[in-house]
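Peer 1: Please read through the structure below; I'll follow up with questions.
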Amino acid sequence: MRKTVLIADDHPVYLLGLRTLLQSQAGRYEVIHEAVSADELVEKLTKQPVDVVITDLSMPGQQHADGLALVQYVRRRWPDIVVIVVTMITNPGIQNSLSRLGVQAILNKNSLSVDLLQTMKSLFSPTARKATVVKNEVAVALSPKEMEVLRLLLRGLTVNEISAHLKRTKQTVSAQKSSAMRKLGVTSEFELYQYAQQLGLNS
């Protein structure tokens, strides 16, 4: 039985590439949705869920503006969907966070033509599916309050200014910042800013 697939990327060339690769295996996979934004991805899944979502990490969107939040939402609402993230980002912190959220594969866009179909074949083997079920039980993500702090940091606000803006104590804001850094696997403010920008938290 063919697996139904949603592909998502805001760059037409990559979207075309994904479609072409999957059409070469038409007996195994059927692309029934295409999306060019995070919101469109969620909208189409809501109308008709699929077996597999293959999505870029950084796409525009209003309701789901950053990649990590989008993946978290999809994994929570449709836990049985296999999620494959394709990205140019190589930050280990991002990759670790995606793995903790239960993403079954993280692929580099530069090697999609080689890796995608091979990865999908291995994911749908019986042994691989059992392994991912265990992996999916561990899910770590930023809280909404930690997301707020990151967005304000990216706007150039200091901890003191964020404290006044959000009406939280400086200690609380500092703790939320530290917690976010720990979850994301970063050890400096520079890495934190780089990570958050790559996820689209500055949009």
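Peer 1: Which of (1) modelled with pLDDT of 85 or more; (2) crowded, with 18+ Cβ neighbours inside 10 Å; (3) assigned to a loop (DSSP other than H, G, I, E, B) is the odd one out, the single condition residue 80 does not satisfy?
Peer 2: Going through the list (1) modelled with pLDDT of 85 or more; (2) crowded, with 18+ Cβ neighbours inside 10 Å; (3) assigned to a loop (DSSP other than H, G, I, E, B), residue 80 breaks only (2).
Peer 1: Could you list, in sequence order, all residues of the stretch 83-104 that are open to solvent by less than 30 Å² (accessible area, probe 1.4 Å) and of a type in the set (Ser, Thr, Tyr)? Working first, answer last.
Peer 2: Step one: list which residues in the stretch 83-104 are open to solvent by less than 30 Å² (accessible area, probe 1.4 Å), which gives 83-87, 89, 91, 93-94, 97-98, 101-104.
Residues satisfying the conditions are 87, 97.
Peer 1: Which residues, taken from the stretch 58-77, are aliphatic (A, V, I, L, M) and part of a loop (DSSP other than H, G, I, E, B)? Show your work before the answer.
Peer 2: Restricting attention to the stretch 58-77, the residues satisfying the condition of being aliphatic (A, V, I, L, M) are 59, 65, 68-71, 74.
The answer is 59, 65.
Peer 1: While we're on this one: Tell me the residue from 4, 55 that is among the β-branched types (Val, Ile, Thr) and surrounded by fewer than 21 Cβ atoms within 10 Å (Cβ to Cβ), please.
Peer 2: Values: 55 fails: surrounded by fewer than 21 Cβ atoms within 10 Å (Cβ to Cβ).
Of 4, 55, the one residue that is among the β-branched types (Val, Ile, Thr) and surrounded by fewer than 21 Cβ atoms within 10 Å (Cβ to Cβ) is 4.
Peer 1: What are the pairs with Cβ atoms under 7 angstrom where one residue, in the stretch 78-104, is among the aromatic types (Phe, Trp, Tyr) and the other, located anywhere, is part of a loop (DSSP other than H, G, I, E, B)? Sequence gap at least six, or different chains.
Peer 2: Final answer for the pair search is 78/49.
Peer 1: So, one more: Considering only residues that are under 20 Å from the mean Cα position of the chain (by Cα) and charged (D, E, K, R), look in the stretch 1-34 and name the one that is nearest to residue 45 (Cα to Cα).
Peer 2: 34
Peer 1: Still on this structure, please answer the following. Scanning the stretch 135-166 for residues that are over 24 Å from residue 73 (Cα atoms) and modelled with pLDDT under 85, which turns out most open to solvent (accessible area, probe 1.4 Å)? Before you say what the answer is, go through the steps one by one.
Peer 2: Within the stretch 135-166, the subset over 24 Å from residue 73 (Cα atoms) is 155-166.
The next check asks that each one be modelled with pLDDT under 85; those that pass are 155-156.
Working: 155: 169, 156: 57 Å².
Here the answer is 155.
The values are calculated or read from the model by the stated rules, or taken from the named source; none is laboratory data. Fair warning: this is a prediction, and the values are worked out from it, not measured in the lab. Cβ atoms come from the backbone with ideal geometry, glycine included; neighbour counts cover every protein chain shown. Note: areas computed on protein heavy atoms with side chains; ligands, DNA, RNA excluded. Shrake-Rupley method; radii C 1.70, N 1.55, O 1.52, S 1.80 Å.
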